[in-house]
1. Let me know the whole percent of all Cα-Cα pairs from the stretch 36-191 that are separated by more than 23 Å.
2. Using the Kirkwood radius built from alpha carbon pairs, what does the Stokes-Einstein equation give as D for the stretch 261-304 at 4 °C and 1.567 mPa s, in µm² per second?
3. On the Cα set of the stretch 153-198, report Rg and Dmax in Å, please.
4. Show me, bin by bin at 10 Å from 0, the whole-percent P(r) of the stretch 93-180 based on Cα pairs.
5. Using a Gaussian network model on the chain with a 10 Å cutoff between Cα atoms, which of ALA92, ALA184, ALA27 fluctuates the most?
6. Calculate how steeply helix 71-95 sits against the longest principal axis of the alpha-carbon atoms of the chain, using the helix alpha-carbon long axis, and give the answer as 0 to 90 degrees to the nearest 10.
7. Going from most exposed to least, what order do ILE154, ILE84 have by accessible area with a 1.4 Å probe?
8. Per residue and in cubic angstrom, what volume does the convex hull of the Cα atoms of the stretch 234-286 have?
Amino acid sequence: MASDTADNAVAPSTGSNQNVPDTDVRAFEDVRPRLFGLAYRMLGSVAEAEDVVQDAWVRWQGTDRRAVRNPAAFLTTTTTRLAINASTSAHARRETYLGPWLPEPVDTSADPALGAERAEALETAVLLLLEKLGPAERAAYVLREAFGYSFREIAEVLGLTEVNARQVARRAREHLASARSVPASPARRRRLVESFAAAARAGDLDGLERLLVDDVVVRPDGGGEVHASRLELVGVARTMTFLDNVLRKYWHHSTFRTVEVNGGAGLLVATADGVPQALVTLDGSQRGIEHVYIVVSPSKLRRFTATG
């Protein structure tokens, strides 16, 4: 998967080519799912990832495609660099975000190609940790851990030496490993979600509390669109007060359904008439649930339905 030159990737010709041959359209469409998956992991937003992929298409239209030896490598390089540029403005917007920010959840049952690559780099907990890395480190991690790129290929995409690419990817991996407990297996995480759902459905606060570690953290994301806590909640006592309040006031008549989200199990909470209210994902270890991520922002739930 040898990449094309940096100049080809980021500086296509400015001429417009609206009559793209079918073979070149197919070359783009063949890698579009991967381009979206790359941009989404970099940005944590479906709309922003779609914008990056569209920009990559415009670059593909405008470049001299006859000089491109490897369309997939060219488009990956282009998309990565566009995502790096977009991440700067995205980070600035999150500085003024109302309350805690969470990545927009994606329904990977509806888009299996997104979760087909290595799933870990799609988890909510990992996407949040990636936000703390510099753009180049984030790109190196995603290319390596999600898509299995070699260090030579990462170096070509990022315009680094292979030695530097290896160092950047290693730093990113070590940063994520040091900031997170050893995660539970996918099977155990699913069991935690199902147990959480059963306890929430029954209003069993004692059952919920037994699932939590002492220093559990709840991160709600309302985005200023609906009422939600604008602070993270730390510890069992505050978490249980929060969950008790939510279950009694907002989810008393709700339905709870396990769904596939970001490559793993999540909990979709909906009103009795089927309107999604929240998407809950959990980050757990062998100790139990360490993080509860609750998206209640309607704009981030619009791709989910209460039935499936």
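The values are calculated or read from the model by the stated rules, or taken from the named source; none is laboratory data. Please read all numbers here as calculations on a predicted model, not as lab measurements. Positions of Cβ are generated from backbone atoms using ideal geometry, with glycine treated the same way; all protein chains shown enter the neighbour counts. Protein only, heavy atoms only, side chains kept; ligands, DNA and RNA dropped before computing areas. Shrake-Rupley method; radii C 1.70, N 1.55, O 1.52, S 1.80 Å.
1. 38
2. 114
3. In Å, with Rg to one decimal and Dmax whole: 17.2, 51.
4. Using 10 Å bins, I get a P(r) of 16, 43, 33, 8, 0 for the stretch 93-180.
5. ALA92
6. The angle comes out at about 50 degrees.
7. Result, largest first: ILE84, ILE154.
8. Considering the Cα atoms of the stretch 234-286, their hull volume per residue is 95 Å³.
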